[in-house]
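All remarks here apply to the structure that follows.
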Amino acid sequence: MSELAIVDTFTKLIFGEEEAFSASEELIIQAFRLVDHSIVLDSRKNMGIYLRALGVAEMIALVAQVQTCLADGRQALSRVRKETVLDRRAH
C-alpha cells in the first residue's frame, strides 16, 4: 500500500465520509487498529477525531507504521500460501 492510499483513507476518516470504504481502505483501517491499540474499539467517527488531533510528525509516523504493518501482513500471507502449496505437493 502506498503512503498516498493510507493518507487518503485517513482523510476520509477525518472528514467523516459515510460512503462505503473499498477493500484496500478496509485493510488500512484494520492495520491502523493493529498499530494503535488506543483506537482498536473506536468507531470510524472517533478514529477520525483521533487522527484530526495528531500533529504532522505523529501523522507521518503513523502512516509509516500502518504501511509497515500492511507489508508485514502481505509477507506473512505470501509465506502461508507458499507453504500451503508446498504441503499439497508433498502429499
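The values are calculated or read from the model by the stated rules, or taken from the named source; none is laboratory data. On a predicted model such as this, the values are computed, not experimentally measured, just so you know. Positions of Cβ are backbone-derived with ideal geometry, glycine not excepted, and every protein chain shown enters the neighbour counts. Ligands, DNA and RNA are excluded from the accessible area calculation, which covers all protein heavy atoms including side chains. Shrake-Rupley method; radii C 1.70, N 1.55, O 1.52, S 1.80 Å.
Determine, yes or no, whether residue 45 is modelled with pLDDT under 95 and either in a helix (DSSP H, G or I) or among the charged types (D, E, K, R) (or both). Break it down into steps so the answer makes sense when it comes.
On the way: modelled with pLDDT under 95: yes; either in a helix (DSSP H, G or I) or among the charged types (D, E, K, R) (or both): yes.
Here the answer is yes, as residue 45 does meet what is asked.
Which residue is least open to solvent (accessible area, probe 1.4 Å), if the candidates are limited to segment 62-91 and must be modelled with pLDDT of 85 or more and either out of contact with any Leu (no Cβ under 9 Å at 6 or more places or on another chain) or not hydrophobic (A, V, I, L, M, F, W, C) (or both)?
Once the filter is applied, the top-ranked residue is 63.
What are the residue pairs meeting all of these: first residue in segment 19-45, first residue under 12 Å from residue 66 (Cα atoms) and among the hydroxyl-bearing types (Ser, Thr, Tyr), second residue assigned to a helix (DSSP H, G or I) and open to solvent by 30 Å² or more (accessible area, probe 1.4 Å), Cβ atoms under 8 Å, and 6 or more apart or on different chains?
Pairs that qualify, where the first residue is under 12 Å from residue 66 (Cα atoms) and among the hydroxyl-bearing types (Ser, Thr, Tyr) and the partner is assigned to a helix (DSSP H, G or I) and open to solvent by 30 Å² or more (accessible area, probe 1.4 Å): there are none.
Mind checking which residues of segment 15-32 are surrounded by fewer than 17 Cβ atoms within 10 Å (Cβ to Cβ) and not aromatic (Phe, Trp, Tyr)?
Listed by number, the residues that qualify are 16, 17, 18, 19, 20, 22, 23, 24, 26, 30.
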